[in-house]
Amino acid sequence: MKMKIVPSVIGCLCIAIAAFSQTSDAEADAIINLLGVQKKQAVAQLVAVSGKDSVAFWKLYDEYQEKNKGTIKARLRIYERTVKAYGRMTPTVADSLANSYFANRGEQEMSLEIYYKKIKAATNAVIAFEFYQAETYLLTMLRAQIMQQVPTYGAIQKAAVKNPR
């Protein structure tokens, strides 16, 4: 696999997430659109598709990306809410955040399953599986990068105990 573009896509996605909390909805849409183009380039390197299957695949992939913009924006807002909640964490706030993450991840997984089935019907199971793997890989890499950049609430609490004000 040609994986040269994937690290740059992940890097750009992380920068966009950091910038998201400081942007308007129009700017967030522009960032998501730009990143969608970069992500599509990464998927093109991860999914081997040609001929008539290529036309069907990319039509469905574009549809998938468009349908997932709301889920992506919601995920970014959850990250923002999480960071803002660190100063006022309560069991209720923690439960609300966890449930938001579960619901968002469920939406992402459902969308992956729906588009796996659509792509399989329009092309074949191998291409659909490559799509699933590429998307899962990119989402996992992105989540790992975010988790490396945003400390957990527990890490912040431990640091506060070690270094009281």
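Checking each residue in segment 26-71 for being closer than 30 Å to residue 156 by Cβ and at pLDDT below 90 picks out 27, 28, 31, 32, 35. In segment 76-93 there is at least one residue that is modelled with pLDDT of 95 or more, more than 22 Å from residue 29 (Cα to Cα), out of contact with any helix residue (DSSP H, G or I) (no Cβ under 6 Å at 6 or more places or on another chain) and part of a helix (DSSP H, G or I). The C-beta contact set for segment 124-144 (first residue more than 21 Å from residue 72 (Cβ to Cβ) and in contact (Cβ under 8 Å) with a residue 12 or more places away in the chain, second residue surrounded by fewer than 18 Cβ atoms within 10 Å (Cβ to Cβ) and acidic (Asp, Glu), distance under 7 angstrom, 6+ apart or interchain) comprises 127/53.
Of all residues being in a helix (DSSP H, G or I), of a type in the set (S, T, N, Q) and open to solvent by 50 Å² or more (accessible area, probe 1.4 Å) in segment 95-133, which is farthest from residue 81 (Cα to Cα)? Just the residue, please. Before the answer, list the steps.
Step one: filter segment 95-133 for residues in a helix (DSSP H, G or I), giving 95-122, 125-133.
If we keep only those that are of a type in the set (S, T, N, Q) too, we end up with 96, 99-100, 104, 108, 111, 133.
Adding the requirement that they be open to solvent by 50 Å² or more (accessible area, probe 1.4 Å) leaves 96, 99, 133.
Values: 96: 10, 99: 13, 133: 29 Å.
Ranking the qualifying residues of segment 95-133, first place goes to 133.
Mind telling me which of the residues 81, 105, 77 ends up being within 19 Å of residue 137 (Cα to Cα) and of a type in the set (Lys, Arg)?
Values: 81 fails: within 19 Å of residue 137 (Cα to Cα); 77 fails: within 19 Å of residue 137 (Cα to Cα).
None of the others qualify; the one that does is 105.
Give me the residue from segment 57-89 that is over 20 Å from residue 43 (Cα atoms) and open to solvent by 60 Å² or more (accessible area, probe 1.4 Å) and, out of that set, nearest to the chain's Cα centre (by Cα). Result: 77. Has segment 129-141 got any residue that is farther than 15 Å from residue 46 by Cα, within 15 Å of the chain's Cα centre (by Cα) and not aromatic (Phe, Trp, Tyr)? Within segment 129-141, none of the residues are farther than 15 Å from residue 46 by Cα, within 15 Å of the chain's Cα centre (by Cα) and not aromatic (Phe, Trp, Tyr).
The residue that is modelled with the lowest pLDDT, among those in segment 134-165 that are open to solvent by 80 Å² or more (accessible area, probe 1.4 Å) and not polar (S, T, N, Q), is 165.
The values are calculated or read from the model by the stated rules, or taken from the named source; none is laboratory data. Please read these numbers as outputs of a predicted model, since none were measured by experiment. Ideal geometry is used to build each Cβ from the backbone, glycine not excepted, and the neighbour counts take in all protein chains shown. Please note that ligands, DNA and RNA were not included when accessible areas were found on the heavy atoms of the full protein model with its side chains. Shrake-Rupley method; radii C 1.70, N 1.55, O 1.52, S 1.80 Å.
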